[in-house]
1. Across segment 1-60, what is the total count of residues that are under 12 Å from Asp79 (Cα atoms) and either in contact with a Gly (Cβ under 7 Å, 6 or more places away or on another chain) or basic (Lys, Arg) (or both)?
2. Does at least one position in segment 62-71 carry a residue that is modelled with pLDDT under 85, in contact with an Asp or Glu (Cβ under 7 Å, 6 or more places away or on another chain) and on the phi < 0 side of the Ramachandran plot?
3. For segment 14-35, which positions are acidic (Asp, Glu) and open to solvent by 90 Å² or more (accessible area, probe 1.4 Å)?
4. Quick one: would you say Ala46 is modelled with pLDDT of 90 or more and either surrounded by 14 or more Cβ atoms within 10 Å (Cβ to Cβ) or outside any strand (DSSP E or B) (or both)?
5. Out of (1) surrounded by 13 or more Cβ atoms within 10 Å (Cβ to Cβ); (2) modelled with pLDDT of 90 or more, what's the single condition that is false for Leu101?
6. Take Arg38 and decide whether it is modelled with pLDDT of 85 or more and surrounded by fewer than 16 Cβ atoms within 10 Å (Cβ to Cβ).
Amino acid sequence: WDNADFSRGVGTTFYQEFSTLNTAKPPFVRDVEAKVRRYLRSSYSAAWTLKITWEKAPVHAARTDTRKTITYQAVLTTDGFRSYILMLYQDGGMQWDYTRLPSTNVLIGYT
């Protein structure tokens, strides 16, 4: 998430928080729970979920090229004991030219 540059007014970031400890769960949270259960083969009931979206984010430094953007999303969720993250990228993957980034050890995901 560190090489996006919104300084030229291209792209946006927004978030939505879901606190579901004592409330009915919206469809989005139920979908997140289903994904955690499916991919991790574990029972899971979310108490809190945060969805962050970077929409049409240009690569750093945007002053050189604002045409190649990417939309990606991170969903953080916890039941109070276990925490998970789902990382979602637009169809087609990363659209930035990683060969022009200052760092050569580029990866999609987290470490």
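The values are calculated or read from the model by the stated rules, or taken from the named source; none is laboratory data. All of these numbers come straight from a predicted model, not from anything done at the bench. All Cβ positions, glycine included, derive from the backbone under ideal geometry; neighbour counts span all protein chains shown. Protein only, heavy atoms only, side chains kept; ligands, DNA and RNA dropped before computing areas. Shrake-Rupley method; radii C 1.70, N 1.55, O 1.52, S 1.80 Å.
1. Within segment 1-60, residues that are under 12 Å from Asp79 (Cα atoms) and either in contact with a Gly (Cβ under 7 Å, 6 or more places away or on another chain) or basic (Lys, Arg) (or both) number 1.
2. In the first step, residues of segment 62-71 are kept if they are modelled with pLDDT under 85; the result is 62-70.
Applying the additional criterion that residues be in contact with an Asp or Glu (Cβ under 7 Å, 6 or more places away or on another chain) yields 62, 68.
Pick out the ones that are also on the phi < 0 side of the Ramachandran plot and you get 62, 68.
Yes, segment 62-71 contains a residue that is modelled with pLDDT under 85, in contact with an Asp or Glu (Cβ under 7 Å, 6 or more places away or on another chain) and on the phi < 0 side of the Ramachandran plot.
3. Applying the first criterion (acidic (Asp, Glu)) to segment 14-35 yields 17, 31, 33.
Glu17 - this is the single residue of segment 14-35 that is acidic (Asp, Glu) and open to solvent by 90 Å² or more (accessible area, probe 1.4 Å).
4. Working: modelled with pLDDT of 90 or more: yes; either surrounded by 14 or more Cβ atoms within 10 Å (Cβ to Cβ) or outside any strand (DSSP E or B) (or both): yes.
Answer is yes for this residue.
5. (2)
6. Values: modelled with pLDDT of 85 or more: yes; surrounded by fewer than 16 Cβ atoms within 10 Å (Cβ to Cβ): yes.
Taking the combined requirement at face value, the residue satisfies it.
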